[in-house]
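Before any comments, here is the structure.
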2 protein chains.
Amino acid sequence: MIENTVEFDGQQLTRGDLLYEGKAKQVFATNDPAIIWMHYMDQVTALNGKVKEEYSGKGELNSNISNLLFTYLSNQGLQHHWLGSISATDELVKKVDIIPLEVVTRHYTAGHFVSRFGVEPMQKLSPRVQELYYKSDELDDPFMNDSQAVSLRFASEADLKTVYGLADRVNELLVALFNKVDITLLDYKLEFGRLADGQIILADELSPDNMRLVDQKTGKSLDKDVFRQKQGDLRVGYQDVLARLQGALK
Amino acid sequence: MIENTVEFDGQQLTRGDLLYEGKAKQVFATNDPAIIWMHYMDQVTALNGKVKEEYSGKGELNSNISNLLFTYLSNQGLQHHWLGSISATDELVKKVDIIPLEVVTRHYTAGHFVSRFGVEPMQKLSPRVQELYYKSDELDDPFMNDSQAVSLRFASEADLKTVYGLADRVNELLVALFNKVDITLLDYKLEFGRLADGQIILADELSPDNMRLVDQKTGKSLDKDVFRQKQGDLRVGYQDVLARLQGALK
Ligand SMILES: Nc1ncnc2c1ncn2[C@@H]1O[C@H](COP(=O)(O)OP(=O)(O)O)[C@@H](O)[C@H]1O
Ligand SMILES: Nc1ncnc2c1ncn2[C@@H]1O[C@H](COP(=O)(O)OP(=O)(O)O)[C@@H](O)[C@H]1O
Ligand SMILES: [Mg+2]
Ligand SMILES: [Mg+2]
């Protein structure tokens, strides 16, 4: 791992306690209570952690892709948690209280949507579908609707409106970008959180761990489905995504 | 079964082909294409039909309870499919194109909601929860959100608005009525359909097969949960519900 003190924006930041180790990232405190230190791990999981493997360099690929995508979103005026990269695998982000909801947008049928509703895969969904899942490993991230999320106090009606507004703006921007690099964005998952002042912003990561990406020319998966479906080394697709984004965003 | 011709509202109606046999009712055509003939069966099912039993007189109880509840809703100005009872177990209803969505309202946690979200049973849900399920025996009636229902063309945004508006009005009226007879309505399922002219109205049945009802004094279930949980003869509770509604609505 890297040095545990960095200078960032004229401020000395020291990595503190491990606050949380998730399936793909470690989250550390820093001496600034508003800032956390995220380390992208090489671990890849499927089936909510029941299948696990290490791919060296995968953390770096995801960190780089996330950084590119968050920077792109900033440049388009979208607020999010990302502050800056401090090494190949580590970044500083604004600490938020994560809203325990995964916000999924779907443009094509795939994955659970196919088995759940008995539809064919790779069918265009128009209008796009938006879904919420309750982030809970014990409960296997159950699918949830707005009314349930409100009644169970995960978010207010107003919070959901904000979240969907932000998700739609992110959607527009991501679809446009991936189209430019000949990739179809089938579906993806976002997370949102609250800053100390209550403002809701985009958080977590933006990487092929949380997106389904298909090469428009070859029809090949460039995301974690390669791992889920045991189709080879997922890093090949991630590397391709990174290279295309670097090309488009330079 | 009863005579297959009845006089209704000055019109001779003859029962025709069996159009559909569901888990609780048989649906027959009549000589009037706008009217169908519904027969309430004595069959009770659980786990989406995987558990089945006959309870003689159960069809009659449900038909009577449905008739009382639909009449009550009419008297409060709500539009629905029910035209009239023609025997102890049979009724005439307006034929609709059923929207393949079950609309569930929950006031207390129970059943799937409890296991799905890891909450305690019998907790008050405020605001009330509203859910959609895709009516599909093969797929086990999957839970679905508005965005999915719209994208899969089950209903338009405007249709859902109408459906939720009607569901909320029904909810208000049912909660008030059951409260008056010392019963707590935990949750229930409605179905809606489209008349030939496109109008969306309440359809199907209103019975303890599709509601969770709890006696406010004893805490006992008065609905199909008695069958699901093998707690005895469900007809005792259904009979009690019918008697109380007859008392309140006479
Ligand atoms: N800005 C942030 N502040 C606080 N926590 C965050 C922030 N961004 C993401 N997180 C959380 O960090 C955790 C670690 O990420 P990850 O390894 O992907 O976890 P998980 O296994 O829960 O998906 C996630 O629970 C995520 O919600
Ligand atoms: N007014 C109506 N017109 C046409 N079909 C209806 C009407 N009301 C209810 N139905 C349908 O009648 C079918 C028979 O009822 P039921 O035995 O409860 O079936 P299921 O096993 O599908 O729940 C249901 O599929 C229901 O949607
Ligand atoms: Mg994660
Ligand atoms: Mg039914």
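The values are calculated or read from the model by the stated rules, or taken from the named source; none is laboratory data. Note that this is a predicted model, so its numbers are computed, not measured. Here the Cβ positions follow ideal geometry from the backbone for every residue, glycine too, while neighbour counts run over all protein chains shown. Remember, those area values only see protein heavy atoms, side chains included, never the ligands or the DNA or RNA. Shrake-Rupley method; radii C 1.70, N 1.55, O 1.52, S 1.80 Å.
Every residue in segment B:131-160 that is among the hydrophobic types (A, V, I, L, M, F, W, C) and either buried (at least 16 other Cβ atoms within 10 Å of the Cβ) or at the interface with chain A (Cβ under 7 Å from one of its Cβ atoms) (or both), please.
Hits for segment B:131-160 are B:Leu132, B:Leu139, B:Phe143, B:Met144, B:Ala149, B:Val150, B:Leu152, B:Phe154, B:Ala155, B:Leu160.
Determine the pairs where a residue that is away from every other protein chain (no Cβ under 14 Å), located within segment A:5-28, has a partner that is aromatic (Phe, Trp, Tyr) and within 7 Å of ligand 1 (Cβ to nearest atom) with Cβ atoms under 6 Å apart, the partner being 6 or more residues away or on another chain.
Short answer, once both residue conditions are applied: A:Val27/A:Tyr20.
Being touching a strand residue (DSSP E or B) at 6+ places or on another chain (Cβ under 7 Å), open to solvent by 20 Å² or more (accessible area, probe 1.4 Å), of a type outside the set (Gly, Ala, Ser) and farther than 20 Å from B:Glu60 by Cβ is the filter here, so list the residues in segment B:1-17 that pass it.
Of everything in segment B:1-17, those that are touching a strand residue (DSSP E or B) at 6+ places or on another chain (Cβ under 7 Å), open to solvent by 20 Å² or more (accessible area, probe 1.4 Å), of a type outside the set (Gly, Ala, Ser) and farther than 20 Å from B:Glu60 by Cβ turn out to be B:Thr5, B:Gln12, B:Thr14, B:Asp17.
Tell me, which residue of segment A:96-120 that is in a strand (DSSP E or B) and not hydrophobic (A, V, I, L, M, F, W, C) is farthest from the other protein chains (Cβ to nearest Cβ)?
Going through the qualifying residues, I end up with A:Asp97.
Yes or no: A:Val103 β-branched (Val, Ile, Thr), more than 24 Å from A:Val6 (Cα to Cα) and not assigned by TED's automatic domain parsing to the domain that holds A:Ile200?
Judged against the criteria, A:Val103 is not a match.
When residues of segment B:22-57 are filtered for being more than 18 Å from B:His81 (Cα to Cα) and open to solvent by 70 Å² or more (accessible area, probe 1.4 Å), how many remain?
Matching residues across segment B:22-57 total 7.
Could you check segment A:7-35 and list, in sequence order, the residues that are in contact with a Leu (Cβ under 7 Å, 6 or more places away or on another chain) and modelled with pLDDT of 95 or more?
If the condition is that a residue be in contact with a Leu (Cβ under 7 Å, 6 or more places away or on another chain) and modelled with pLDDT of 95 or more, then A:Leu13, A:Gln26, A:Val27, A:Phe28, A:Ala29, A:Thr30, A:Asn31, A:Asp32, A:Ile35 are the ones that fit.
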